[in-house]
1. Would you mention how many residues in the stretch 87-109 are of a type in the set (A, V, I, L, M) and buried (at least 24 other Cβ atoms within 10 Å of the Cβ)?
2. When the residues of the stretch 31-63 are narrowed to those that are within 23 Å of the chain's Cα centre (by Cα) and of a type in the set (Val, Ile, Thr), which ends up surrounded by the fewest Cβ atoms within 10 Å (Cβ to Cβ)?
3. Would you call Tyr292 part of a helix (DSSP H, G or I), at pLDDT 75 or above and either in contact with a helix residue (DSSP H, G or I) (Cβ under 9 Å, 6 or more places away or on another chain) or of a type outside the set (Ser, Thr, Tyr) (or both)?
4. For the stretch 29-71, name all the residues that are in contact (Cβ under 8 Å) with a residue 60 or more places away in the chain and in contact with a Phe, Trp or Tyr (Cβ under 6 Å, 6 or more places away or on another chain).
5. Please go through (1) touching a Ser or Thr at 6+ places or on another chain (Cβ under 9 Å); (2) over 22 Å from Val308 (Cβ atoms); (3) surrounded by fewer than 19 Cβ atoms within 10 Å (Cβ to Cβ) for Pro66 and return the number of the only condition it doesn't satisfy.
6. Confirm whether Asp100 is within 21 Å of the chain's Cα centre (by Cα) and among the charged types (D, E, K, R).
7. Please determine whether any residue of the stretch 76-84 is within 18 Å of Ala40 (Cα to Cα), hydroxyl-bearing (Ser, Thr, Tyr) and surrounded by fewer than 24 Cβ atoms within 10 Å (Cβ to Cβ).
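The values are calculated or read from the model by the stated rules, or taken from the named source; none is laboratory data. Treat the numbers as computed from the prediction; the structure is a model and nothing was measured. Backbone-built Cβ (ideal geometry, glycine too); neighbour counts: all protein chains shown.
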Amino acid sequence: MTGHTDDVKISVVVPCYRSRATLPELVRRLHESLPAIADAFEIILVVDGSPDDTYAVARGLERDNPATMRTVLLRRNYGQHNALLAGIMRAKHPITVTMDDDLQHRPEEVGTLVAALDDPLVDLAYGVAAEEEHGFTRSFASRIVKAGLAASGVPNAKDVSAFRAFRTDLREGFEHVADPFASLDVLLSWTTNSVRRVTVQMDERETGRSNYSLRGLARHAMNMVTGYGTAPLKLVTWMGLLTSVLGFALLVSVLVRYWVGAVEVAGFTTLASMLAILSGALMLSIGILGEYIGRLHFRSMQKPTFLVKEDSHRSSTWGEVKPVELHPARADVGPDEVAEALEERYRRQS
(Lines give C-alpha, C1' and ligand atoms only; values in the text may rest on other atoms or scores of the structure.)
Protein backbone atom coordinates (compact mmCIF):
# COMPACT_ATOMS: atom_id res chain seq x y z
CA MET A 1 0.00 0.00 0.00
CA THR A 2 1.99 2.99 -1.21
CA GLY A 3 -0.64 5.70 -1.55
CA HIS A 4 -3.65 7.01 0.30
CA THR A 5 -6.58 4.59 0.23
CA ASP A 6 -10.14 5.67 0.98
CA ASP A 7 -12.07 3.86 3.69
CA VAL A 8 -8.91 2.49 5.33
CA LYS A 9 -9.06 3.29 9.03
CA ILE A 10 -6.33 2.14 11.38
CA SER A 11 -5.88 1.95 15.14
CA VAL A 12 -2.24 1.67 16.18
CA VAL A 13 -1.71 0.19 19.66
CA VAL A 14 1.68 0.66 21.33
CA PRO A 15 2.47 -0.84 24.77
CA CYS A 16 4.88 1.50 26.54
CA TYR A 17 7.40 0.76 29.28
CA ARG A 18 10.45 2.91 29.99
CA SER A 19 10.03 4.53 26.58
CA ARG A 20 10.18 8.24 27.42
CA ALA A 21 13.13 8.68 25.05
CA THR A 22 11.60 6.97 22.01
CA LEU A 23 7.92 7.96 22.14
CA PRO A 24 8.26 11.49 20.66
CA GLU A 25 10.11 10.16 17.60
CA LEU A 26 7.73 7.22 17.23
CA VAL A 27 4.63 9.42 17.38
CA ARG A 28 6.15 11.97 14.99
CA ARG A 29 6.94 9.32 12.38
CA LEU A 30 3.51 7.72 12.75
CA HIS A 31 1.82 11.08 12.13
CA GLU A 32 3.97 11.53 9.03
CA SER A 33 3.35 8.08 7.54
CA LEU A 34 -0.24 7.18 8.48
CA PRO A 35 -2.07 9.98 6.55
CA ALA A 36 -0.58 8.62 3.32
CA ILE A 37 -2.10 5.17 3.81
CA ALA A 38 -5.29 5.70 5.83
CA ASP A 39 -8.44 7.78 5.61
CA ALA A 40 -8.52 7.98 9.42
CA PHE A 41 -6.30 6.73 12.20
CA GLU A 42 -5.71 6.79 15.93
CA ILE A 43 -2.66 6.07 18.06
CA ILE A 44 -3.30 4.39 21.43
CA LEU A 45 -0.38 4.50 23.86
CA VAL A 46 -0.84 2.03 26.73
CA VAL A 47 1.62 2.79 29.54
CA ASP A 48 2.17 -0.49 31.36
CA GLY A 49 2.87 0.80 34.87
CA SER A 50 6.22 2.25 33.79
CA PRO A 51 8.29 3.43 36.81
CA ASP A 52 9.58 6.54 34.98
CA ASP A 53 7.63 9.47 33.51
CA THR A 54 6.67 7.66 30.28
CA TYR A 55 3.00 8.43 30.95
CA ALA A 56 3.75 12.14 31.34
CA VAL A 57 5.55 12.11 27.97
CA ALA A 58 2.67 10.18 26.37
CA ARG A 59 0.10 12.55 27.85
CA GLY A 60 2.03 15.55 26.54
CA LEU A 61 2.07 14.03 23.05
CA GLU A 62 -1.67 13.50 23.26
CA ARG A 63 -2.23 17.13 24.20
CA ASP A 64 -0.31 18.11 21.07
CA ASN A 65 -2.40 15.72 18.92
CA PRO A 66 -5.80 15.42 20.63
CA ALA A 67 -7.68 14.34 17.51
CA THR A 68 -5.55 11.30 16.77
CA MET A 69 -4.16 10.10 20.09
CA ARG A 70 -5.34 8.34 23.21
CA THR A 71 -3.33 7.49 26.32
CA VAL A 72 -4.08 4.73 28.78
CA LEU A 73 -2.25 4.18 32.08
CA LEU A 74 -2.44 0.76 33.76
CA ARG A 75 -2.36 0.58 37.53
CA ARG A 76 0.73 -1.63 37.58
CA ASN A 77 3.01 -3.53 35.23
CA TYR A 78 0.85 -6.34 33.82
CA GLY A 79 3.09 -7.35 30.89
CA GLN A 80 3.27 -6.55 27.20
CA HIS A 81 0.43 -8.79 26.01
CA ASN A 82 -1.93 -7.63 28.77
CA ALA A 83 -1.18 -4.02 27.86
CA LEU A 84 -1.86 -4.81 24.21
CA LEU A 85 -5.26 -6.24 25.12
CA ALA A 86 -6.09 -3.05 27.04
CA GLY A 87 -5.41 -1.06 23.87
CA ILE A 88 -7.07 -3.48 21.46
CA MET A 89 -10.29 -3.42 23.46
CA ARG A 90 -10.34 0.36 22.96
CA ALA A 91 -9.56 0.43 19.23
CA LYS A 92 -12.35 2.10 17.22
CA HIS A 93 -11.20 1.44 13.64
CA PRO A 94 -11.64 -1.73 11.52
CA ILE A 95 -7.90 -2.48 11.33
CA THR A 96 -5.64 -2.71 14.37
CA VAL A 97 -1.85 -2.55 14.19
CA THR A 98 0.39 -3.42 17.15
CA MET A 99 4.02 -2.37 17.36
CA ASP A 100 6.79 -1.93 19.91
CA ASP A 101 7.77 1.38 21.47
CA ASP A 102 11.53 1.14 20.80
CA LEU A 103 11.54 2.14 17.10
CA GLN A 104 12.67 -1.31 15.97
CA HIS A 105 9.37 -1.51 14.12
CA ARG A 106 9.46 1.22 11.50
CA PRO A 107 6.30 3.37 11.36
CA GLU A 108 6.92 3.69 7.61
CA GLU A 109 6.35 -0.08 7.26
CA VAL A 110 2.80 0.01 8.65
CA GLY A 111 1.49 0.48 5.10
CA THR A 112 3.35 -2.62 3.89
CA LEU A 113 1.84 -4.64 6.73
CA VAL A 114 -1.71 -3.34 6.32
CA ALA A 115 -1.61 -3.93 2.55
CA ALA A 116 -1.80 -7.68 3.22
CA LEU A 117 -5.36 -7.13 4.51
CA ASP A 118 -6.42 -5.89 1.07
CA ASP A 119 -6.93 -9.59 0.40
CA PRO A 120 -10.39 -10.33 1.85
CA LEU A 121 -9.23 -13.84 2.78
CA VAL A 122 -6.49 -12.54 5.09
CA ASP A 123 -7.42 -11.61 8.65
CA LEU A 124 -4.00 -11.30 10.28
CA ALA A 125 -0.58 -10.27 9.01
CA TYR A 126 2.74 -10.55 10.84
CA GLY A 127 5.69 -8.35 9.95
CA VAL A 128 8.82 -10.50 9.79
CA ALA A 129 12.25 -8.88 9.59
CA ALA A 130 14.10 -9.21 6.31
CA GLU A 131 17.25 -9.53 8.42
CA GLU A 132 17.49 -10.69 12.03
CA GLU A 133 17.73 -7.55 14.14
CA HIS A 134 18.60 -9.17 17.47
CA GLY A 135 21.80 -10.60 18.87
CA PHE A 136 22.34 -14.33 19.35
CA THR A 137 20.96 -14.50 22.91
CA ARG A 138 17.82 -12.50 22.11
CA SER A 139 17.24 -14.45 18.90
CA PHE A 140 17.62 -17.73 20.75
CA ALA A 141 15.09 -16.58 23.35
CA SER A 142 12.72 -15.57 20.55
CA ARG A 143 12.96 -19.07 19.11
CA ILE A 144 12.06 -20.48 22.53
CA VAL A 145 8.91 -18.35 22.57
CA LYS A 146 7.97 -19.44 19.05
CA ALA A 147 8.48 -23.07 20.07
CA GLY A 148 6.10 -22.40 22.96
CA LEU A 149 3.56 -20.92 20.57
CA ALA A 150 3.84 -23.97 18.32
CA ALA A 151 3.28 -26.24 21.32
CA SER A 152 0.21 -24.15 22.16
CA GLY A 153 -1.29 -24.89 18.76
CA VAL A 154 -0.54 -21.57 17.04
CA PRO A 155 -0.25 -22.14 13.26
CA ASN A 156 2.78 -20.61 11.52
CA ALA A 157 4.35 -19.93 14.91
CA LYS A 158 7.73 -19.32 13.28
CA ASP A 159 6.35 -16.18 11.61
CA VAL A 160 4.84 -14.61 14.74
CA SER A 161 6.11 -11.16 15.70
CA ALA A 162 5.03 -8.17 17.80
CA PHE A 163 4.48 -6.19 14.58
CA ARG A 164 0.93 -7.24 13.62
CA ALA A 165 -2.03 -6.00 11.61
CA PHE A 166 -5.42 -7.65 11.95
CA ARG A 167 -9.11 -7.05 11.55
CA THR A 168 -10.33 -5.49 14.78
CA ASP A 169 -13.48 -7.60 14.91
CA LEU A 170 -11.29 -10.63 15.73
CA ARG A 171 -11.33 -9.37 19.33
CA GLU A 172 -14.87 -10.66 19.64
CA GLY A 173 -13.33 -14.13 19.93
CA PHE A 174 -11.42 -13.29 23.12
CA GLU A 175 -13.24 -10.37 24.74
CA HIS A 176 -14.32 -12.77 27.51
CA VAL A 177 -10.74 -13.72 28.46
CA ALA A 178 -9.65 -12.81 32.00
CA ASP A 179 -6.21 -14.33 32.30
CA PRO A 180 -3.07 -12.85 33.92
CA PHE A 181 -0.98 -15.07 31.58
CA ALA A 182 -2.60 -13.79 28.37
CA SER A 183 -0.84 -14.29 25.04
CA LEU A 184 -2.24 -12.21 22.20
CA ASP A 185 -0.88 -14.54 19.51
CA VAL A 186 -2.55 -17.56 21.09
CA LEU A 187 -5.83 -15.62 21.39
CA LEU A 188 -5.64 -14.56 17.75
CA SER A 189 -5.05 -18.19 16.75
CA TRP A 190 -8.43 -18.98 18.32
CA THR A 191 -10.16 -16.63 15.90
CA THR A 192 -8.61 -17.22 12.46
CA ASN A 193 -6.32 -19.39 10.36
CA SER A 194 -6.10 -16.74 7.61
CA VAL A 195 -2.60 -15.53 8.44
CA ARG A 196 -0.01 -14.03 6.11
CA ARG A 197 3.72 -13.42 6.56
CA VAL A 198 4.92 -9.99 5.39
CA THR A 199 8.60 -9.18 5.04
CA VAL A 200 9.44 -5.74 6.44
CA GLN A 201 12.53 -3.73 7.26
CA MET A 202 13.28 -3.37 10.96
CA ASP A 203 15.88 -1.31 12.81
CA GLU A 204 18.15 -2.09 15.72
CA ARG A 205 17.27 -0.70 19.11
CA GLU A 206 19.14 2.60 19.49
CA THR A 207 18.40 3.52 23.12
CA GLY A 208 18.05 1.44 26.28
CA ARG A 209 17.76 -2.30 26.25
CA SER A 210 14.99 -4.82 25.80
CA ASN A 211 12.66 -5.34 28.75
CA TYR A 212 12.57 -9.04 27.86
CA SER A 213 15.51 -11.07 29.18
CA LEU A 214 16.30 -14.63 28.17
CA ARG A 215 14.81 -15.78 31.46
CA GLY A 216 11.71 -13.65 30.98
CA LEU A 217 11.11 -14.96 27.46
CA ALA A 218 11.59 -18.55 28.61
CA ARG A 219 9.05 -17.95 31.38
CA HIS A 220 6.65 -16.42 28.86
CA ALA A 221 7.04 -19.53 26.66
CA MET A 222 6.29 -21.79 29.63
CA ASN A 223 3.20 -19.73 30.48
CA MET A 224 1.92 -20.16 26.94
CA VAL A 225 2.62 -23.89 26.81
CA THR A 226 1.04 -24.71 30.17
CA GLY A 227 -1.66 -22.03 29.91
CA TYR A 228 -2.99 -22.79 26.44
CA GLY A 229 -1.73 -26.23 25.41
CA THR A 230 -1.61 -29.85 26.55
CA ALA A 231 1.70 -30.86 24.96
CA PRO A 232 3.49 -31.26 28.34
CA LEU A 233 0.71 -33.52 29.61
CA LYS A 234 1.02 -35.65 26.49
CA LEU A 235 4.76 -35.74 27.10
CA VAL A 236 4.14 -37.11 30.60
CA THR A 237 1.90 -39.82 29.14
CA TRP A 238 4.50 -40.91 26.59
CA MET A 239 7.28 -40.70 29.15
CA GLY A 240 5.30 -42.90 31.52
CA LEU A 241 4.71 -45.40 28.73
CA LEU A 242 8.40 -45.38 27.78
CA THR A 243 9.63 -45.90 31.35
CA SER A 244 7.09 -48.69 31.82
CA VAL A 245 8.35 -50.47 28.69
CA LEU A 246 11.96 -49.96 29.80
CA GLY A 247 11.20 -51.28 33.28
CA PHE A 248 9.43 -54.34 31.91
CA ALA A 249 12.34 -55.02 29.53
CA LEU A 250 14.84 -54.84 32.39
CA LEU A 251 12.66 -57.14 34.51
CA VAL A 252 12.53 -59.73 31.72
CA SER A 253 16.28 -59.44 31.28
CA VAL A 254 16.93 -60.02 35.00
CA LEU A 255 14.53 -62.99 35.16
CA VAL A 256 16.02 -64.65 32.06
CA ARG A 257 19.55 -64.27 33.40
CA TYR A 258 18.41 -65.67 36.74
CA TRP A 259 16.69 -68.67 35.14
CA VAL A 260 19.72 -69.56 33.00
CA GLY A 261 21.98 -69.31 36.03
CA ALA A 262 23.95 -66.28 34.85
CA VAL A 263 23.29 -64.45 38.13
CA GLU A 264 21.60 -65.34 41.37
CA VAL A 265 20.47 -61.81 42.28
CA ALA A 266 20.02 -58.78 40.07
CA GLY A 267 23.02 -56.45 40.23
CA PHE A 268 23.10 -53.19 42.11
CA THR A 269 23.88 -51.25 38.91
CA THR A 270 20.66 -52.38 37.24
CA LEU A 271 18.61 -51.56 40.33
CA ALA A 272 20.20 -48.14 40.77
CA SER A 273 19.68 -47.31 37.08
CA MET A 274 16.02 -48.30 37.28
CA LEU A 275 15.48 -46.16 40.39
CA ALA A 276 17.20 -43.17 38.80
CA ILE A 277 15.14 -43.41 35.61
CA LEU A 278 11.85 -43.86 37.43
CA SER A 279 12.59 -41.16 40.01
CA GLY A 280 13.56 -38.66 37.34
CA ALA A 281 10.45 -39.39 35.28
CA LEU A 282 8.27 -39.16 38.38
CA MET A 283 9.69 -35.81 39.50
CA LEU A 284 9.39 -34.33 36.00
CA SER A 285 5.80 -35.52 35.77
CA ILE A 286 4.95 -34.01 39.15
CA GLY A 287 6.57 -30.73 38.10
CA ILE A 288 4.56 -30.52 34.87
CA LEU A 289 1.32 -31.37 36.64
CA GLY A 290 2.19 -28.78 39.27
CA GLU A 291 2.51 -26.11 36.56
CA TYR A 292 -0.99 -26.90 35.31
CA ILE A 293 -2.44 -26.93 38.82
CA GLY A 294 -0.75 -23.60 39.48
CA ARG A 295 -2.36 -22.11 36.37
CA LEU A 296 -5.76 -23.37 37.51
CA HIS A 297 -5.15 -21.88 40.94
CA PHE A 298 -4.25 -18.46 39.57
CA ARG A 299 -7.22 -18.47 37.21
CA SER A 300 -9.55 -19.49 40.04
CA MET A 301 -8.45 -16.33 41.87
CA GLN A 302 -9.78 -14.35 38.86
CA LYS A 303 -6.82 -12.01 38.80
CA PRO A 304 -7.49 -9.23 36.25
CA THR A 305 -5.81 -9.25 32.85
CA PHE A 306 -5.31 -5.51 33.32
CA LEU A 307 -6.77 -2.65 35.32
CA VAL A 308 -6.82 0.89 33.97
CA LYS A 309 -5.88 3.84 36.18
CA GLU A 310 -6.37 6.63 33.62
CA ASP A 311 -7.94 6.65 30.16
CA SER A 312 -8.19 9.96 28.33
CA HIS A 313 -11.22 8.72 26.33
CA ARG A 314 -12.84 6.58 28.99
CA SER A 315 -16.36 7.36 27.84
CA SER A 316 -15.73 5.64 24.47
CA THR A 317 -14.26 2.42 25.81
CA TRP A 318 -15.37 -0.59 23.79
CA GLY A 319 -16.47 -3.87 25.30
CA GLU A 320 -16.51 -2.82 28.96
CA VAL A 321 -19.34 -2.67 31.46
CA LYS A 322 -20.12 0.96 32.20
CA PRO A 323 -18.46 1.73 35.53
CA VAL A 324 -20.37 2.96 38.55
CA GLU A 325 -19.99 6.72 38.87
CA LEU A 326 -17.72 7.46 41.82
CA HIS A 327 -17.16 10.77 43.55
CA PRO A 328 -13.41 11.41 43.68
CA ALA A 329 -11.79 12.68 46.85
CA ARG A 330 -10.54 15.64 44.80
CA ALA A 331 -12.53 16.96 41.88
CA ASP A 332 -9.43 18.04 39.95
CA VAL A 333 -7.76 14.60 39.82
CA GLY A 334 -7.39 13.51 36.21
CA PRO A 335 -4.95 12.29 33.57
CA ASP A 336 -2.99 15.54 33.45
CA GLU A 337 -2.50 15.67 37.21
CA VAL A 338 -1.38 12.04 37.28
CA ALA A 339 1.05 12.76 34.43
CA GLU A 340 2.47 15.78 36.29
CA ALA A 341 2.89 13.76 39.47
CA LEU A 342 4.74 10.97 37.61
CA GLU A 343 6.96 13.52 35.90
CA GLU A 344 7.81 15.15 39.23
CA ARG A 345 8.57 11.79 40.85
CA TYR A 346 10.85 10.81 37.97
CA ARG A 347 12.64 14.17 38.21
CA ARG A 348 13.28 13.63 41.94
CA GLN A 349 14.53 10.07 41.41
CA SER A 350 16.86 11.17 38.62
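1. First pass over the stretch 87-109, keeping only residues of a type in the set (A, V, I, L, M): 88-89, 91, 95, 97, 99, 103.
With the extra rule that they be buried (at least 24 other Cβ atoms within 10 Å of the Cβ), the set shrinks to 88, 97, 99.
So the count comes out to 3.
2. Ile43
3. Against the criterion (part of a helix (DSSP H, G or I), at pLDDT 75 or above and either in contact with a helix residue (DSSP H, G or I) (Cβ under 9 Å, 6 or more places away or on another chain) or of a type outside the set (Ser, Thr, Tyr) (or both)), Tyr292 does not qualify.
4. The answer is Leu34, Asp52, Asp53.
5. (2)
6. Working: within 21 Å of the chain's Cα centre (by Cα): yes; among the charged types (D, E, K, R): yes.
Taking the combined requirement at face value, the residue satisfies it.
7. Start the filter on the stretch 76-84 by keeping residues that are within 18 Å of Ala40 (Cα to Cα), which leaves none.
No - not one qualifying residue is present in the stretch 76-84.
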